[in-house]
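*Asks:* This structure is in structure tokens; I'll ask about it shortly.
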Amino acid sequence: GRNTGAGAGTQTAALFFAGADAPYPSAPQGTGKTEEYNGSSWSESGDLNTARTYLGGTGTQTAGLAAGGRYNTPGPERAEVEEFNGSSWTEVTNMPTATRNTRMCGSQTAALGAGGYQGYYPGSSINNSYEYDGTNWTSGGTMNNAGEWGGIAGTQTAAVCAGLYPTNGQTEEYNGSSWTNANPMGSGRYFIGTFGTQTSAVFA
């Protein structure tokens, strides 16, 4: 059992990795543990090379992506990025900026990361977005609202992001180059689980 990890995949072929091994308000240590779900049961798989918590994740069970995070509390943000092939993780090109709580969507070769937080309190929420092509990271459009802990769904060129703390209900859409404010959520909140597409998403 753990929290603040990241996930990828579908209901019958899911991936969950990293996270904290102790609940708040203790000082949890990050873990690299990785588990796969087949629709009925979980099985352990290869650990991340860099144990961490508060990271971003996206992709599929056999082509996952893990980015950013931090190792412990308090602790500096991480820029490390790793790719999963269904059994093991490989370190690849770091993110341009070390950050935690970046929300991610898309695939292993066309991923989008949005928002996040830098610095141990006092630190600051960020409005950066980054795009990954399977090899390199480039800066994406600047979000209208800085925040973390929200949810994101869609693809690198058609994403929707909502619930970024401290804006909570604010919603933004991304077209591959710029962010546009959209209808806010009916119930503003954060720490959100999300799936779907830009035009058919679930935030829960």
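*Asks:* Is one or more of the residues making up segment 119-126 assigned to a strand (DSSP E or B), more than 19 Å from Thr50 (Cα to Cα) and at pLDDT below 95?
*Replies:* Looking for residues that are assigned to a strand (DSSP E or B), more than 19 Å from Thr50 (Cα to Cα) and at pLDDT below 95, one finds at least one in segment 119-126, hence yes.
*Asks:* Applying the selection to segment 173-204, what residues are closer than 24 Å to Ala6 by Cβ and either assigned to a strand (DSSP E or B) or touching a Lys or Arg at 6+ places or on another chain (Cβ under 7 Å) (or both)?
*Replies:* Residues satisfying the conditions are Glu173, Tyr174, Trp179, Thr194, Phe195, Gly196, Thr197, Ser200, Ala201, Val202, Phe203.
*Asks:* Checking the structure you have, find out if any residue of segment 34-44 is at negative phi and in contact with a Pro (Cβ under 7 Å, 6 or more places away or on another chain).
*Replies:* Just the residues of segment 34-44 that are at negative phi, to begin with: 34-38, 40-44.
Of the ones still in play, those that are also in contact with a Pro (Cβ under 7 Å, 6 or more places away or on another chain) are none.
No - not one qualifying residue is present in segment 34-44.
*Asks:* Looking at Gly140, Gly176 in this structure, which one is touching a Leu at 6+ places or on another chain (Cβ under 7 Å) and either surrounded by fewer than 16 Cβ atoms within 10 Å (Cβ to Cβ) or in contact (Cβ under 8 Å) with a residue 24 or more places away in the chain (or both)?
*Replies:* Within the list Gly140, Gly176, the selection yields Gly140.
The values are calculated or read from the model by the stated rules, or taken from the named source; none is laboratory data. Computed from a predicted model, the values in this text were never measured in an experiment. Cβ coordinates were reconstructed from backbone atoms using ideal geometry, including for glycine residues, and neighbour counts include every protein chain displayed.
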